[in-house]
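Beneath this line is the structure, given in structure tokens, with notes to follow.
The values are calculated or read from the model by the stated rules, or taken from the named source; none is laboratory data. Every value quoted in this text rests on a predicted model; they were computed, and no experiment measured them. Reconstructed Cβ throughout: ideal geometry from the backbone, glycine too, with neighbour counts over all protein chains shown. Heads up: the accessible areas ignore ligands, DNA and RNA and are worked out on the full protein's heavy atoms, side chains in. Shrake-Rupley method; radii C 1.70, N 1.55, O 1.52, S 1.80 Å.
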Amino acid sequence: LLRRGTAGDKEGWVNFLRPVRDRVLGNAQLSGGETLLDVGAGDGLIAFGALERMGQEGRIILSDVSQDLLEHTRSLAEQKGVAGRCRYLRAPATDLSELGAASVDVVTTRSVLIYVRDKRRAFSEFHRVLKPGGRLSIFESCRDSSLRICALATAGKPFSPWRSFPTAAPRCSTTGHR
């Protein structure tokens, strides 16, 4: 999956995704000592970027449905010397039951919800694991009209899974696509 997704050009792919990562993390308004849950963490692009912004006290939980990807991120964390600040969770976005209620400060996800059939359940789980005043920052492909989300961030406002989303996808400012 890692090789197929990058067409063999991992560095080019990371450079392409870096602005997306930076926007998701910027909108998450991270601060030191927080815990971030990255749902659908994949190769850890968002999660490891978060560690750089949260100082030595920051913690990340990398969640994915793929055990292979979780093992890959575990190996990367060891190489980076940050394994002690990482936790791994094999779980879909719709079932984060291994995490306690109000256990994380921030939930992030990138290009995951397009693959989730029960989006309402996923958002309910995000809400459940977020601490009061917690933040959600996501990036999603704009091609799935049923999702109706391009890039959503609560920008420091409390997250509610029942918030109304626009019926038309907002224009993505970084790509200009709908």
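Please state which one of Ser164, Ser124 is modelled with pLDDT of 85 or more and over 25 Å from Gly49 (Cα atoms).
Ser124
For residues that are at pLDDT 85 or above and closer than 23 Å to Ser66 by Cα, tally how many sit in the range 1-24.
Of the residues in that region, 3 qualify.
What number of residues within the range 33-49 are under 23 Å from Ser124 (Cβ atoms) and of a type outside the set (Ser, Thr, Tyr)?
Counting residues in the range 33-49 that are under 23 Å from Ser124 (Cβ atoms) and of a type outside the set (Ser, Thr, Tyr) gives 10.
Would the range 126-138 turn up any residue that is of a type in the set (Lys, Arg), open to solvent by 40 Å² or more (accessible area, probe 1.4 Å) and assigned to a loop (DSSP other than H, G, I, E, B)?
No: zero hits.
Would you call Ala91 hydrophobic (A, V, I, L, M, F, W, C) and under 14 Å from the mean Cα position of the chain (by Cα)?
So Ala91 passes the test.
Can you pull out every residue in the range 87-110 that is touching an Asp or Glu at 6+ places or on another chain (Cβ under 7 Å), of a type in the set (A, V, I, L, M, F, W, C) and more than 15 Å from Leu30 (Cα to Cα)?
Correct list: Leu89, Ala91, Ala93, Leu96.
Test of understanding: among Ala83, Ala93, which residue is at pLDDT 95 or above, in contact with a helix residue (DSSP H, G or I) (Cβ under 8 Å, 6 or more places away or on another chain) and surrounded by 16 or more Cβ atoms within 10 Å (Cβ to Cβ)?
Ala93
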